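Novice: Handing you a structure now.
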Ligand code: GCO
Ligand code: MG
């Protein structure tokens, strides 16, 4: 291909009678010297041969309870494909439909190389955009194209993003107990494993473990599986939890906590303030995304660092809070935001404003998505912390090459691309489900978010 290009360039120059002249002027090597140098050219000058997308498919699997979705982009080069995470666990089949009925048709025949162009064009191809379903589908595509580009370049994706800013990815893991003491015991265990950062919750988000029979249950209001949250108890419990863990585990471990948008705004401010003496690393999601304006009051009330963003649907939602320094850590859920390309933009925006990354890494991210998190984490300077990838043995079998946790760090392998593969036959043996209701109520049955 390269020789053909040079031949045609030579013909063009000859036709114009410009060969010798441009060579003489130093603007372009003369045709003769080009022919002479042909053999000495380094291989990288040959560029990459053109490559087309031949198929896009969605693979759904639920090896550990959560529905996981991975997009596989196949190319015209036999055996060369890319994988990307498109997991939206609660509406998984809607994402599968978006990929198989629309994205497949949109992509087949297109160039695999132009990732940004692909992202921009796919984003507006539905005209209406920004929803979690479509963003997840685009994320699967985006990550798969980065995976392919890495494989073509023979480099891990973090290299394509600029190389390492750190040797591995420091992570926080989750301690949760029904009592503060039980949570503190877990924290100690994690500290022994090498974790420097631990998120602490008592009885899950908002302490949802049922204490007594709430009135709405007695009245048969709602469904049997609906959860109950006692907001008052939670507000009183949080500082006690922090106090106990600090007392049992000392000052050195960094503690985190997720309010999970479950409180009234003023109560959230009260809770965040109550943790101040225990200097948390950050408190997450104090408000729902619908209540962003409360951040200003919270900022004025406390110096506790804040994290927000896992529920944002659109990278533009980060613009205001980052440029106004409303929170300290960006909680992007990479697949929800549309993949590596948009996440990198938000990370860079944060760098300008002293806001750091803290990518979302719960059980409803596939190992491919965890790898995407880690590749960005390695490459951006304003990395803050990463939620640990807790990947089951079965998931590891389905996704060979999954990132590993060791001594409180996440490590990716050095294979080209994202470094994670999929065993499709095994994935099929663990099909997805449609259990998707997540309902939390106050004592009188009022819905709490979420
Ligand atoms: C976290 C999260 C998750 C979400 C879950 C929703 O900080 O890890 O809040 O646990 O609740 O991803 O499906
Ligand atoms: Mg959270």
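The values are calculated or read from the model by the stated rules, or taken from the named source; none is laboratory data. All of these numbers come straight from a predicted model, not from anything done at the bench. Using ideal geometry, Cβ is built from the backbone for each residue, glycine included, and neighbour counts are taken over all protein chains shown.
Novice: Which condition number does residue 216 fail, the rest of (1) farther than 23 Å from residue 173 by Cα; (2) in contact (Cβ under 8 Å) with a residue 24 or more places away in the chain; (3) away from ligand 1 (no atom under 16 Å from the Cβ); (4) not in a helix (DSSP H, G or I) being met?
Specialist: (4)
Novice: Confirm whether residue 247 is under 18 Å from residue 304 (Cβ atoms) and either in a helix (DSSP H, G or I) or within 16 Å of ligand 1 (Cβ to nearest atom) (or both). Full working, then the answer.
Specialist: Working: under 18 Å from residue 304 (Cβ atoms): no; either in a helix (DSSP H, G or I) or within 16 Å of ligand 1 (Cβ to nearest atom) (or both): yes.
Answer is no for this residue.
Let's see how each residue does on (1) surrounded by 23 or more Cβ atoms within 10 Å (Cβ to Cβ); (2) over 29 Å from residue 426 (Cβ atoms); (3) touching a helix residue (DSSP H, G or I) at 6+ places or on another chain (Cβ under 7 Å):
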| position | (1), (2), (3) |
| --- | --- |
| 76 | no, no, no |
| 97 | no, no, no |
| 108 | no, no, no |
| 112 | yes, no, yes |
| 133 | no, no, yes |
| 152 | no, no, no |
| 164 | no, yes, yes |
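Novice: Suppose we filter 415, 389 for residues that are at pLDDT 95 or above and more than 16 Å from ligand 1 (Cβ to nearest atom); which single one remains? Spell out the reasoning first.
Specialist: On the way: 389 fails: more than 16 Å from ligand 1 (Cβ to nearest atom).
Criteria check complete, one pass: 415.
Novice: State yes or no: is residue 408 away from ligand 1 (no atom under 16 Å from the Cβ), in contact (Cβ under 8 Å) with a residue 60 or more places away in the chain, over 13 Å from the mean Cα position of the chain (by Cα) and under 19 Å from residue 339 (Cβ atoms)? Show your work before the answer.
Specialist: Working: away from ligand 1 (no atom under 16 Å from the Cβ): yes; in contact (Cβ under 8 Å) with a residue 60 or more places away in the chain: yes; over 13 Å from the mean Cα position of the chain (by Cα): yes; under 19 Å from residue 339 (Cβ atoms): no.
Taking the combined requirement at face value, the residue does not satisfy it.
Novice: Just to be sure before I move on: is residue 370 farther than 26 Å from residue 269 by Cα and within 11 Å of the chain's Cα centre (by Cα) in the structure I sent?
Specialist: Values: farther than 26 Å from residue 269 by Cα: yes; within 11 Å of the chain's Cα centre (by Cα): yes.
When the stated conditions are applied, residue 370 passes them.
Novice: Sticking with this one: Just to be sure before I move on: is residue 45 part of a loop (DSSP other than H, G, I, E, B) and modelled with pLDDT under 95 in the structure I sent?
Specialist: Details: part of a loop (DSSP other than H, G, I, E, B): no; modelled with pLDDT under 95: yes.
Here the answer is no, as residue 45 does not meet what is asked.
Novice: Can you list the helices (runs of 4 or more DSSP H) found entirely within segment 276-373 that contain at least 2 residues being out of contact with any strand residue (DSSP E or B) (no Cβ under 6 Å at 6 or more places or on another chain), at pLDDT 95 or above and more than 15 Å from ligand 2 (Cβ to nearest atom)? Please lay out each step first, then the result.
Specialist: Values: elements: 295-301, 319-323, 334-337, 340-353.
Once the helices (runs of 4 or more DSSP H) in segment 276-373 are filtered for at least 2 residues that are out of contact with any strand residue (DSSP E or B) (no Cβ under 6 Å at 6 or more places or on another chain), at pLDDT 95 or above and more than 15 Å from ligand 2 (Cβ to nearest atom), what remains is 295-301, 319-323, 340-353.
Novice: Might you let me know whether segment 408-431 holds any residue that is in contact with a helix residue (DSSP H, G or I) (Cβ under 8 Å, 6 or more places away or on another chain), part of a loop (DSSP other than H, G, I, E, B) and at positive phi?
Specialist: Taking every residue of segment 408-431 in turn, at least one turns out to be in contact with a helix residue (DSSP H, G or I) (Cβ under 8 Å, 6 or more places away or on another chain), part of a loop (DSSP other than H, G, I, E, B) and at positive phi.
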